[in-house]
Amino acid sequence: MVPPRTLRTFAIAFGAASLVAVASGAFVAAESGVGARSWGLNLAAWGVGLAIFAAAARFAGPRSLAVFALAAVAGIGLTLASPDLQGVHRWLQLGPVRLNAAELLAPALAVAVAAAAQGLWPWIAAGAALALFAAQPDASQATALAAAVVVAICLSNMALATKVLGVVATAGAAAVAWTRPDPLAPVPEVEEIFRLAGAISPAALAVSAAALAVASLSPMIVGRAVPAARPAALALSAYFVVAAIGPLLGAFPTPLVGMGVSPILGAWLGIGLLRAVARHAAAPA
């Protein structure tokens, strides 16, 4: 049995790093003249996300993985029926707040797919989500989820030929998203927050980047300590890392540091679900 201390260390590592990332992004935004509403929402979202983490870690279990996956695919699918922005469909409107469905739901989907990779429904859910990302389009989220799915495939007990076909199909689905036109111009405090940080000071840039890196890699603590949860942990880290480097490849939001509540809430949800998976995997039979 894995000591509960290990799971606490993992949660504290992500919580501290994500808080520094969110706070440093808020500082950069404020120093760059961005209104308090934007960076204030990010700080508030971190607190809400902590509550989401606590609920998911406490109540989620192996039997609920399919529910999380279905809800994620359904939520992402609803974006196609929601108002677009220059022909792009990525958001769900909840009152005055507009949420990026992929950033909100894909982390939990990555954990659910990798944790239940031996069945058929995880691959159907992953394929459906990748198809929806191509339809939106959202090449960054398609690539991040594809990275998580590839990790899940490689760590599954599939035959080698099946793994190769799965990796090729997943990469192909992500590639389709990159071929779709994406007319949206970058918003400095969302997609280019690191450029703003560098303009303020090298220290602001270093702190923001380091905090995002630590938060992205923190699931690996679980991967090392709980072998049965390793696929889910590595898949979630793969998703976080690829999403974090997405802004280097195009006009894509910077998670945690950039302005936007969706990646903050989504990251906490994924972390909570991973902790639940690890807790159940580490429990005595």
- Backbone HN-Hα couplings from phi across the stretch 59-73 [Karplus 6.51/-1.76/1.60, Hz, Gly and Pro as x]: 10, 6, x, x, 6, 9, 4, 5, 5, 4, 5, 5, 5, 5, 5
- Message: Ignoring everything except DSSP H segments at least 4 long, calculate the 222 nm mean residue ellipticity for the chain; use -39,500 (n - 2.57) per segment, divide by total residues, nearest 500.
- Response: -23500 deg cm²/dmol
- Query: With +1 on each Lys and Arg Cβ and -1 on each Asp and Glu Cβ, how big is the dipole of the chain about its Cα centre, in debye rounded to the nearest 20?
  - Reply: 920 debye
- Item | Amide hydrogen neighbours beyond the local backbone of LEU256, cut-off 5 Å, H modeled | ILE264
- Ratio of Rg to Rh for the stretch 231-278, alpha carbon only, Kirkwood? 1.01
- Message: Just want the answer: with Cβ charges of +1 for Lys and Arg and -1 for Asp and Glu, which residue in ILE221, VAL73, VAL261 is farthest toward the dipole's positive end in the chain?
- Response: ILE221
- Task: Would you please report the Å³ per residue occupied by the convex hull of the alpha carbon atoms in the chain?
- Result: 118 Å³
- Which value results when the Cα radius of gyration for the stretch 168-234 is divided by 2.2 N^0.38 Å? 1.61
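Every number here is computed from the coordinates shown, using simple stated rules; none is lab data. From a predicted model like this one, the values you see are computed outputs, not experimental measurements. Backbone-built Cβ (ideal geometry, glycine too); neighbour counts: all protein chains shown.
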